[in-house]
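Values quoted throughout were computed directly from the atomic coordinates according to the rules given, and no laboratory measurement underlies them. In this text the structure is predicted, and so the values were computed from the model without any measurement. Heads up, the Cβs are rebuilt from the backbone with ideal geometry, glycines too, and the neighbour counts pull from every protein chain shown.
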Amino acid sequence: MEALVSQIFSVGFGIIVPFIFVLTIVVFFHELGHFYVARRCGVTVEVFSVGFGRPLASWYDKHGTQWKIGWMPLGGYVKFLGDENAASAPDIEAIEKMDTQTRKTTLFDKPLGQRAAVVAAGPVANFILAIIIFAGLYAVLGQRVTDPVVGAVVADSAAERAGFQPGRSHYRN
């Protein structure tokens, strides 16, 4: 029984918790990409959520966007003004009832290029995050370098005359 409990904690805290942590970071940056480009294009963002279900925490920023952290951290979404749901399907009835000025801040009313930029921004943000993570790992951990050790010395060669011996390192700092 003790081995079973140990195995459960090992899997839970050794695999599942780190997986959920990394997934949450990736989802946050993905949604942040959509959010940032939408804001730059003048789209009103109603909700920015990481996680699904009932919110564990929720607050509003100065632009009126509701930021949520859901209890089930397996995804996220950004909901724009005029969206029927989190999948960004336009709510045609609601959009038709909006005045012209408000309608201009919906994703639905933006030109194709801006809509495409908002949609592409999530995957682009993930790509940039991957570059940052790998560059950071490379900077911290470095690159494996094989020591310059002489493997063999050919008889009557310049290396032998210079005193090189197999198994020794001959580099200077």
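Tell me, which residue of the stretch 71-110 that is aromatic (F, W, Y) and buried (at least 17 other Cβ atoms within 10 Å of the Cβ) is nearest to V22 (Cα to Cα)?
Here the residue is Y77.
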Before we move on, is F48 without any contact (Cβ under 8 Å) to a residue 60 or more places away in the chain, buried (at least 17 other Cβ atoms within 10 Å of the Cβ) and either of a type in the set (S, T, N, Q) or farther than 22 Å from A116 by Cβ (or both)?
no
Can you name every one of the helices (runs of 4 or more DSSP H) wholly within the stretch 1-119 that holds 2 or more residues which are hydrophobic (A, V, I, L, M, F, W, C)?
2-11, 17-40, 92-97
Where W67 falls short, out of the listed (1) in contact with a Phe, Trp or Tyr (Cβ under 6 Å, 6 or more places away or on another chain); (2) buried (at least 17 other Cβ atoms within 10 Å of the Cβ)
(2)
From (1) farther than 23 Å from F35 by Cα; (2) of a type outside the set (A, V, I, L, M); (3) touching a residue at least 40 places away in the same chain (Cβ under 8 Å), pick out the condition that doesn't hold for P123.
(1)
Among the residues of the stretch 120-156, what is the count of those that are part of a helix (DSSP H, G or I) and of a type in the set (A, V, I, L, M)?
15
